[in-house]
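Beneath this line is the structure, given in structure tokens, with notes to follow.
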Amino acid sequence: MNLGIRKFPFPYKCALSISSDIDNASSSQSFIDFMNFLNSDGVTKYGTGLNLEIGNSFWFFNNSNFKQLSYFKNLTSEETSFAPTIRSLWRSGHIDTIHSWGNFDKGGFERKYAKIGLKILNEYNVKIPVWINHGIGKNYQKIGNYIGMYGDKPKNDNYHSDLLMDIGCEYIWTGKVTHIIGQNSKWNPSILLKTSLQWLLKQTKYRYIKQPIYDSGNTLLHPVKLGDANLVWEFVRFINPWGRAGILDIYEFVDQIRPTILQRLIKNEGIMVIYTHFNENLKKDLPKKLILHLNELKNLVAKKDILLATTSRLLKFWEIRNYLSYSLQENKDHNQIIIRDKLKNPIGTKIIKESHLQGLTFYIDTKKPCVVRFKNKVCETRLNPPDQTGKTSIAIPWKDLKYPDLNNV
Ligand SMILES: [Zn+2]
């Protein structure tokens, strides 16, 4: 039997995550109302919930001149009224991203703040797989190999990236963006042109830029060695296809998910993380076009053209799918696909948990019964009819996250 692994869970054609930084969220109530509208299937302030899977990010502290949604009041250890909402979304998996330990636009980050954050996460037994750098200027807690990023430099007072490993952080965003619709996509003239253009701009216009810019090529994940020698994955986020961007608030979000972009993502068979701050400028009413575009996204998710998942679930699927080690055992009356629990990849060796296997789809070309085995246990699987390639497959089901009731936290 020939055995292969499908690019995305059957029958999806592409995969998408919406990654929203928590900056300047309009209010805790609008945060809850909008998250309910996106993720629940009940009655919400903005209409019947869309039942999608769209996550969010959080801060522990706020040291800026503006009101922000954070776990603690400013730099104190006093919980805000928003803290229970954050905890509820940690538990459900809808907050899987730390937008750095806090907003330190006025400076003042110290390692002790990371230690407080770590203590809270340990107390509630929470892992946060995704780190996203926040801010300009005095946010020296940023990590990465660029100017003003000291969070991963052990000799600096802002050092904390060792503690990030303790909170289970596996994927970081240093600030790299892309205008290509779908990473690791099929090559076609438009992808080729955009990739070459970004490469050219990097060599010319942005040659002396000291901030994160494009990667060469069109890959979602890159291994990166931090200043303290820890290895992690760095990922890129998509802004828009045209180049210019403002503050990436709710109004720009309308255009970032417009149907032509979603259709192109499907056509390109890519994987993509959209960069937004959709809680910014969120008012009483949503832009009409946003509701239209979100409904179109809902249709494409329901048709199983687009797999929509939180950032950590999307990145974990991609990492596992690309580096999984498995073998085939052909018996007289059945075949067995055996998955190893060690994942060797460019950032080291990781242990795979059963929950990480969701969505894995193996192409098989036999009528013989087939099972998938992991750690001496037979996995729950489904046999699939041929997809657009004409091949049949066996898959470990992808399970939806359960969205919590935020009105009663
Ligand atoms: Zn930010």
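Return the residues of segment 91-116 that are within 21 Å of the chain's Cα centre (by Cα) and either within 16 Å of the ligand (Cβ to nearest atom) or surrounded by 21 or more Cβ atoms within 10 Å (Cβ to Cβ) (or both); say none if nothing qualifies. Lay out the reasoning, then the answer.
Looking only at segment 91-116, we keep the residues that are within 21 Å of the chain's Cα centre (by Cα), and these are 91-103.
Correct list: His94, Ile95, Asp96, Thr97, Ile98, His99, Ser100, Trp101, Gly102, Asn103.
When you go through Asp152, Asp157 one by one, which is the residue that is surrounded by 22 or more Cβ atoms within 10 Å (Cβ to Cβ), more than 16 Å from the ligand (Cβ to nearest atom), within 18 Å of Leu226 (Cα to Cα) and touching a residue at least 12 places away in the same chain (Cβ under 8 Å)?
Working: Asp157 fails: surrounded by 22 or more Cβ atoms within 10 Å (Cβ to Cβ).
Of the residues listed, the single one that is surrounded by 22 or more Cβ atoms within 10 Å (Cβ to Cβ), more than 16 Å from the ligand (Cβ to nearest atom), within 18 Å of Leu226 (Cα to Cα) and touching a residue at least 12 places away in the same chain (Cβ under 8 Å) is Asp152.
Using beta carbons and a limit of 6 Å, which pairs, at least six apart or on different chains, have the first residue in segment 122-140 and within 14 Å of the ligand (Cβ to nearest atom) and the second one of a type outside the set (Lys, Arg) and assigned to a strand (DSSP E or B)?
Matching pairs, first to second residue: Val130/Asp96; Val130/Thr97; Val130/Tyr171; Trp131/Ile98; Trp131/Ile172; Ile132/Thr97; Ile132/Trp173.
Please specify each residue of segment 22-34 satisfying the condition of being away from the ligand (no atom under 16 Å from the Cβ) and either of a type in the set (Ser, Thr, Tyr) or touching a helix residue (DSSP H, G or I) at 6+ places or on another chain (Cβ under 7 Å) (or both). So that I can check it myself, show each step before the final result.
Pass one, segment 22-34, residues away from the ligand (no atom under 16 Å from the Cβ): 27-30, 32-34.
Result: Ser27, Ser28, Ser30, Ile32.
If you go through segment 53-66 one residue at a time, do you hit one that is of a type outside the set (S, T, N, Q), within 16 Å of the ligand (Cβ to nearest atom) and over 24 Å from the mean Cα position of the chain (by Cα)? Reasoning before the result, please.
In the first step, residues of segment 53-66 are kept if they are of a type outside the set (S, T, N, Q); the result is 53-55, 58-61, 66.
Adding the requirement that they be within 16 Å of the ligand (Cβ to nearest atom) leaves 55, 58-61, 66.
Narrowing the set further to residues that are over 24 Å from the mean Cα position of the chain (by Cα) leaves 66.
Yes, segment 53-66 contains at least one residue that is of a type outside the set (S, T, N, Q), within 16 Å of the ligand (Cβ to nearest atom) and over 24 Å from the mean Cα position of the chain (by Cα).
Could you give me the residue pairs with C-beta distances under 8 Å whose first residue belongs to segment 94-114 and is over 19 Å from Lys316 (Cα atoms) and outside any loop (DSSP other than H, G, I, E, B), whose second residue is hydroxyl-bearing (Ser, Thr, Tyr) and modelled with pLDDT of 95 or more wherever it lies, and which are 6+ apart or on separate chains?
Close Cβ pairs (under 8 Å, with a partner that is hydroxyl-bearing (Ser, Thr, Tyr) and modelled with pLDDT of 95 or more) amount to Gly102/Ser70; Gly102/Tyr113; Asn103/Ser64; Asn103/Ser70; Arg111/Tyr159.
Which of the residues that make up segment 243-292 are at pLDDT below 95, of a type in the set (A, V, I, L, M), in contact with a helix residue (DSSP H, G or I) (Cβ under 8 Å, 6 or more places away or on another chain) and closer than 25 Å to Lys176 by Cβ?
Ala245
Pick from Ile181, Ile209: which is within 30 Å of Leu294 (Cβ to Cβ), of a type in the set (Val, Ile, Thr) and either modelled with pLDDT of 95 or more or surrounded by fewer than 16 Cβ atoms within 10 Å (Cβ to Cβ) (or both)? Spell out how you get there, then give the answer.
Numbers: Ile209 fails: within 30 Å of Leu294 (Cβ to Cβ).
Within the list Ile181, Ile209, the selection yields Ile181.
May I ask you to verify whether Asp162 is surrounded by fewer than 23 Cβ atoms within 10 Å (Cβ to Cβ), farther than 16 Å from Gln211 by Cβ, within 13 Å of the ligand (Cβ to nearest atom) and at pLDDT 95 or above?
Details: surrounded by fewer than 23 Cβ atoms within 10 Å (Cβ to Cβ): yes; farther than 16 Å from Gln211 by Cβ: yes; within 13 Å of the ligand (Cβ to nearest atom): no; at pLDDT 95 or above: yes.
No, not satisfied.
Could you list, in sequence order, all residues of segment 381-406 that are more than 26 Å from the chain's Cα centre (by Cα) and small (Gly, Ala, Ser)?
Gly390, Ser393
Using the structure shown, decide if Leu192 is more than 16 Å from the ligand (Cβ to nearest atom), in contact (Cβ under 8 Å) with a residue 12 or more places away in the chain and assigned to a helix (DSSP H, G or I).
Numbers: more than 16 Å from the ligand (Cβ to nearest atom): yes; in contact (Cβ under 8 Å) with a residue 12 or more places away in the chain: no; assigned to a helix (DSSP H, G or I): yes.
No: the conditions fail for Leu192.
The values are calculated or read from the model by the stated rules, or taken from the named source; none is laboratory data. All figures in this text were calculated on a predicted structure; none of them were measured in a lab. Here the Cβ is made from the backbone with ideal geometry for all residues, glycine too, and neighbour counts use every protein chain on show.
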